[in-house]
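Taking it in order: structure first as structure tokens, then the write-up.
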Amino acid sequence: MKGKWILGIGVAIVVAAGGLIYAGSAAGGLAYTQGAAMVEHSEPAPARVVRDFYSWYLGYIRGEEGLRNPLVDGAYRSNEYLADGFIAEVDETIASFDKGGYDPFLMAQDIPQSVTVGEPFIDGDEAWVRVETGFEGHALTVTLQHLDGRWQITGVTLAPETVVSSFYGWYLWYARGGEEMRNPLVDGAYRDCGYLTDRFVGEIERTLASFDKGGFDPILMAQDVPERVEAGEAAVTGDEASVTVQMFWGNNPTPNERTVKLVLVDGGWKIDAIAL
């Protein structure tokens, strides 16, 4: 738990960094207690900004008045931790929803009971902070920039391993096709799935075109479809990331591993390469 800060709702949570304790009220508010000053100096500024933002955000949703929606209320627009450009992007995202949609700060439709803020990766005036939500296998990457003398949040996207898990979940679902087996390579479904960079789509097309007779699946790096795929935690360096994936076939308990490389494209992680 070292190096992570947890925000919870309705419970008291002890945080390892600096001995800080958050006292969570039933209404979802988070209050500093003794030891906060020590953390204030030891916690990196980008992580502190992310922690304070999500503390406010979850607290607003479950305020003393009952459940509230900061998106419908527009409360996020005046939040000091968000850059003006990102606020405008969120406005556009919300306006694009016809019916339903998702929360662009949580990248989900439901509200988690807690979030865990990880150590930041800082590169000059940019920083990336990993945030794990209370949903199993669901994590975010929060991007920040040092603007006008302070760190501000400029984007939120699904974490690399969440993107990889979602992609392979879709890929296996498509390949099995319910009652009929389908081939996402033959159908060309991979081109418009939204998880792959244009460069990698072109590489897959060239690989498929090079097969005279037979071949292999350049996404699975195999000829057969596995029973399941599990993604490990990403190793992130700025706008690049790698995820180790384990694939299981039949009753074989020993998985085969693949390395999935991702890059940030327009504020979101996309898969750019897959290798043995």
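The values are calculated or read from the model by the stated rules, or taken from the named source; none is laboratory data. Owing to the predicted nature of the structure, the values given are computational and were not obtained by experimental measurement. In this analysis, Cβ positions are derived from the backbone assuming ideal geometry, glycine residues included, and neighbour counts consider all displayed protein chains.
Residues in the stretch 50-97 that are acidic (Asp, Glu) and over 21 Å from the mean Cα position of the chain (by Cα): GLU64, GLU65, ASP73, GLU80, ASP84. Only a single criterion out of (1) in contact with a helix residue (DSSP H, G or I) (Cβ under 6 Å, 6 or more places away or on another chain); (2) at pLDDT 95 or above is not satisfied by PRO120, namely (2). Name the residues in the stretch 206-239 that are touching a Leu at 6+ places or on another chain (Cβ under 7 Å), among the charged types (D, E, K, R) and in a strand (DSSP E or B), would you? Within the stretch 206-239, just ASP217 meets the criteria. The sole residue among ASP148, ASP198 that is more than 16 Å from LYS261 (Cβ to Cβ), among the acidic types (Asp, Glu) and free of Cβ contacts under 8 Å to residues at least 24 places away in the same chain is ASP148. Here TYR102 meets the list (1) at pLDDT 80 or above; (2) more than 22 Å from the chain's Cα centre (by Cα) almost entirely, failing just condition (2). Scanning the stretch 113-133 for residues that are touching a residue at least 24 places away in the same chain (Cβ under 8 Å) and either of a type in the set (S, T, N, Q) or part of a loop (DSSP other than H, G, I, E, B) (or both) turns up GLN113, SER114, THR116, THR133. All of (1) in contact (Cβ under 8 Å) with a residue 12 or more places away in the chain; (2) assigned to a helix (DSSP H, G or I) hold for ALA95 with one exception: (1). Selection of the stretch 60-108 for residues being among the charged types (D, E, K, R) and within 24 Å of TRP151 (Cβ to Cβ) yields ARG77, GLU80, ASP84, GLU89, ASP91, GLU92, ASP103.
Given the condition touching a strand residue (DSSP E or B) at 6+ places or on another chain (Cβ under 7 Å), in a helix (DSSP H, G or I) and closer than 22 Å to LYS270 by Cα, answer yes or no: does some residue in the stretch 134-149 qualify? No, every residue in the stretch 134-149 fails to be touching a strand residue (DSSP E or B) at 6+ places or on another chain (Cβ under 7 Å), in a helix (DSSP H, G or I) and closer than 22 Å to LYS270 by Cα. The set of residues in the stretch 109-140 being farther than 16 Å from VAL163 by Cβ, surrounded by 18 or more Cβ atoms within 10 Å (Cβ to Cβ) and touching a Pro at 6+ places or on another chain (Cβ under 6 Å) consists of PRO120, ALA127, VAL129.
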